[in-house]
Amino acid sequence: TAVALAVLVAGCRFATGTAGRRSTAPKRVGTGEGGGSDEGPSAIIYNAVPKTGSRSLELLTKELGKTRGFKVEVAALGEYYPAEAEMRRTVRQTDPIFYQNHARFFGGAAGVSWISIAREPVDRLGSWFEFAKMLKKGWGVRDRNDGGCRCTDGFDACVKHWMGMARPCLVTVDGREMRSRQDMEWADDHHFPLPQWRHFCDWRPNCTVDDAIRNMQTGYAVVGLTGEYELTLQLLERELPRFYSGLFQLYNASRASPKTRNRMRHSTSAHSSTAGAISTQARDWLHRVDGFDSELRFYEAAKRHFWLQVATQGLLTPGA
């Protein structure tokens, strides 16, 4: 459990003599070591994985930017998945700067910290389905003009419909090599549910889920969880105070404002939380879809990494 993990981390810190003092171990490359100020990095790159509730964090960050004096730049449609050189130029233009985009990881850079959020894979898939339906666009189904595969019901009902098809309707782009910005934009344009672990790859060919997990664990200052949103905000505040000091207080104040609360609810729901529950039967079937095991493995690794950070930062205490 989370409490047991907190006790274990505390015990390890005491046994190794690190309790109560600052660690001298090398920082992860995503923490901005080698640049920025004494308060932290001079730039944050938020790799906003689609359908993880990134809009909510964007709104909060924009409000903090006004009071804490840092620039917030959010990429527009058509600017997604920029090349490494383009991203480096962007984050060097202002100090401090928060830059948000659907991106690929390019490794450590002096004064730059990377952050992101991961979401339970089936819930994210359902969110993507509802989002595409809201836009009245096609989705990632084979032969979408074929009446056998077309489905206009809710996500759970459509999954059950696809389960009975002799030829699988549901496809992903997991088998398509994402070698370029054009490939990534192709997936977005066609509303194919690109696996979230792909966003943690760099631009090297043949990136594997193990590469993505390694980047997530060693290259990011924080990778939060959509399902643990409040703890994610607290972790950001602890790890990146130069940008996020006062974040959780702002979040609570925003929830108290009816206008802001409605915007926050819309963004964190990612258009799917009111669309109905996803049945155990549908979840079990999706878990067996070709390539989905990699997505599940990445998310399990993200969860373990998140809870370890949360416990290390003292955000969980026995009895809490």
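Worth a mention:
- Pairs with Cβ under 9 Å, 6+ apart, first in the stretch 116-135 and farther than 12 Å from Ala302 by Cβ and modelled with pLDDT under 75, second in a helix (DSSP H, G or I) and not β-branched (Val, Ile, Thr): Lys133/Phe155
- When each of Ala110, Ala83, Ala75 is tested for being more than 24 Å from His305 (Cα to Cα), open to solvent by 40 Å² or more (accessible area, probe 1.4 Å) and touching a residue at least 24 places away in the same chain (Cβ under 8 Å), the lone residue that passes is Ala83.
- Filter result for Thr52 (touching a residue at least 60 places away in the same chain (Cβ under 8 Å), within 16 Å of the chain's Cα centre (by Cα) and not in a helix (DSSP H, G or I)): yes
- Selection status of Leu64, more than 30 Å from Arg297 (Cα to Cα), open to solvent by less than 50 Å² (accessible area, probe 1.4 Å) and at pLDDT 85 or above: yes
- Qualifying helices (runs of 4 or more DSSP H) (wholly inside the stretch 178-296; at least 3 residues being modelled with pLDDT of 85 or more and on the phi < 0 side of the Ramachandran plot): 209-219, 229-239, 241-244, 247-256, 280-287
- Residues that are open to solvent by less than 20 Å² (accessible area, probe 1.4 Å) and not basic (Lys, Arg), drawn from the stretch 97-107: Ile97, Phe98, Tyr99, Gln100, Asn101, Ala103, Phe105, Gly107
The values are calculated or read from the model by the stated rules, or taken from the named source; none is laboratory data. Being a predicted model, the structure only gives us computed values, none of them experimental. For neighbour counting, all protein chains shown are included, and Cβ atoms are generated from backbone atoms with ideal geometry for every residue, glycine included. When the accessible area is computed, the model is the full protein with side chains, heavy atoms only, and any ligands, DNA or RNA have been set aside. Shrake-Rupley method; radii C 1.70, N 1.55, O 1.52, S 1.80 Å.
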